[in-house]
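Down below is the structure, laid out as structure tokens.
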């Protein structure tokens, strides 16, 4: 293709009347126009990246990826997704800072107290936290759960991009029943995909996904997690209802659960019912706090501003809790998990 006039390159084919070459004026008009377009795009991207957690963008003819400084990893960018992890980090200078600090802090803590910590990432999406765990400590045993085929493909590509492997990548949704169910996939905001149409987004499409309870999953997996992240856009109660065995566990895992009132209402229950169900299973709730890294929280009310909660087993003693808090605080100050 001729970049000046847009005509196909036919130099290898005999032509009776070859097209005229562009004039000098046309050539320099094209060069000036391209310079303006390219430099404006580069300058805009540089400004967007300034003071953000995205340290570098790699653009090729076939893909775009971002290297993040916090956490230290790379992610492929799905340009169709308006709220992908890297895009969020560019738009808002960081990616979900409060839940990031808690999750990475817990992973940091687990690395210090377990030789082979086990992490269940329920609602893995692009895999940012699974990858962060494995890049910091290759001894992590990570189980990912992501039901949407397109998103699971993205997750696999991100794992490959970072050169890490999970123990098990499960293309299914953890729920209250094992089987199949209708699921709302939102291509333009993949992280908001859910069993219910929470967004009423025009790009949403209905698909059928495999589902499994955690009780059934443990029939196939002997590994009991030390930490479970549950980010399922309103379906948290379904996850818990399918995990009756949690109550009987002597060594219960730490739980990170995103609970939004606006999403739980779509599912027909209150946010505090999720919170209290976890507490009744033998947990204390905490939220992110600037002063002491974690602050105890007893319930969710209409005045509660936090939406991300860390649930600590009641069997945790003061020494363990202090170590956990110190690990989260250290993570905040250092910017990364300690390997």
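The values are calculated or read from the model by the stated rules, or taken from the named source; none is laboratory data. Computed from a prediction, not measured in an experiment: that's the story for all the values here. Quick reminder, even Gly has a Cβ in these numbers, built from the backbone with ideal geometry, and neighbours come from all protein chains shown.
Matching residues to (1) in the same structural domain as residue 68 (by TED's automatic domain parsing); (2) at pLDDT 95 or above; (3) in contact with a strand residue (DSSP E or B) (Cβ under 9 Å, 6 or more places away or on another chain); (4) farther than 30 Å from residue 45 by Cβ:
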{"position": "116", "(1), (2), (3), (4)": "no, yes, yes, yes"}
{"position": "122", "(1), (2), (3), (4)": "no, yes, yes, yes"}
{"position": "139", "(1), (2), (3), (4)": "no, yes, no, yes"}
{"position": "142", "(1), (2), (3), (4)": "no, yes, yes, yes"}
{"position": "158", "(1), (2), (3), (4)": "no, yes, yes, no"}
{"position": "167", "(1), (2), (3), (4)": "no, yes, yes, yes"}
{"position": "173", "(1), (2), (3), (4)": "no, yes, yes, yes"}
{"position": "178", "(1), (2), (3), (4)": "no, yes, yes, yes"}
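Just one of the listed residues (186, 164) is closer than 20 Å to residue 88 by Cα and either touching a helix residue (DSSP H, G or I) at 6+ places or on another chain (Cβ under 6 Å) or crowded, with 23+ Cβ neighbours inside 10 Å (or both), namely 186.
Here is a yes/no grid of residues against (1) crowded, with 17+ Cβ neighbours inside 10 Å; (2) within 22 Å of residue 242 (Cα to Cα):
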{"site": "173", "(1), (2)": "yes, yes"}
{"site": "180", "(1), (2)": "no, yes"}
{"site": "199", "(1), (2)": "yes, no"}
{"site": "215", "(1), (2)": "no, yes"}
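Residues that are more than 23 Å from the chain's Cα centre (by Cα) and at pLDDT 95 or above within the stretch 220-241 comprise just one, 241.
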